Amino acid sequence: MARISIVLGIVLSLLGAGGYLGTGRESVTALIPAFFGIPLVLLGWAGLAERRLKAAMHLATVLALLGLLGSARGLPGAWRLLAGGQVARPAAALAQTAMALLCALFLVLAVRSFVAARRARAG
């Protein structure tokens, strides 16, 4: 899971940087995915050490949950765009949707990993 956290962090950082640069540096809020991505990279890196793995991955999971909750509001806008409609800030809706989906995927993988670790300890 530590490596997955690092990869997710890098992808979110690139999403934030791309959104910021791609929208002409209009708003610093386009960098929000990077604000989540950088700590995820650091937590993944910390989790590479076995003694810090559990704490680092639990913190990364909480961060991903917060990222999902904060970015899920972009989902209706992206849905409207896919249906051919319009939204006020299409780049924001798409970036928020991408972040929500990435964070949701990480959460699913993290829960599966936690369950597998618990079963391994019990069995």
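The values are calculated or read from the model by the stated rules, or taken from the named source; none is laboratory data. Since we're looking at a predicted model, the values are computed, not measured. Using ideal geometry, Cβ is built from the backbone for each residue, glycine included, and neighbour counts are taken over all protein chains shown. Calculation scope for accessible area: heavy atoms of the full protein, side chains included, ligands and nucleic acids excluded. Shrake-Rupley method; radii C 1.70, N 1.55, O 1.52, S 1.80 Å.
Quick notes on this structure:
- Subset of the range 2-21 [open to solvent by less than 50 Å² (accessible area, probe 1.4 Å) and of a type outside the set (Gly, Ala, Ser)]: Ile6, Leu8, Leu12, Leu15
- Residues in the range 15-41 that are of a type in the set (A, V, I, L, M) and in contact (Cβ under 8 Å) with a residue 12 or more places away in the chain: Leu15, Ala17, Ala30, Leu31, Ile32, Ala34, Ile38, Leu40, Val41.
- Subset of the range 22-50 that is small (Gly, Ala, Ser) and open to solvent by 40 Å² or more (accessible area, probe 1.4 Å) - its residue that is modelled with the lowest pLDDT: Ser27
- Taking the criterion of being among the polar types (S, T, N, Q) and touching a residue at least 60 places away in the same chain (Cβ under 8 Å), the only residue of the range 1-14 that qualifies is Ser5.
Yes or no, residue by residue, for (1) under 21 Å from Leu107 (Cα atoms); (2) assigned to a helix (DSSP H, G or I); (3) of a type in the set (A, V, I, L, M, F, W, C):
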position	(1), (2), (3)
Leu14	yes, yes, yes
Gly18	no, yes, no
Arg25	no, no, no
Leu31	no, yes, yes
Ala55	yes, yes, yes
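- From the list Leu53, Leu68, the one residue that fits, being within 14 Å of Ile4 (Cβ to Cβ), at pLDDT 95 or above and open to solvent by less than 60 Å² (accessible area, probe 1.4 Å), is Leu53.
- Sub-6 Å Cβ pairs linking a first residue in the range 42-66 that is closer than 19 Å to Gln96 by Cα and hydroxyl-bearing (Ser, Thr, Tyr) to a second residue that is surrounded by 16 or more Cβ atoms within 10 Å (Cβ to Cβ) and at pLDDT 95 or above, at least 6 apart or interchain, are Thr61/Ala110, ordered by first then second residue.
- Taking the criterion of being part of a helix (DSSP H, G or I) and open to solvent by less than 60 Å² (accessible area, probe 1.4 Å), the residues of the range 71-89 that qualify are Ser71, Ala72, Gly74, Gly77, Ala78, Leu81.
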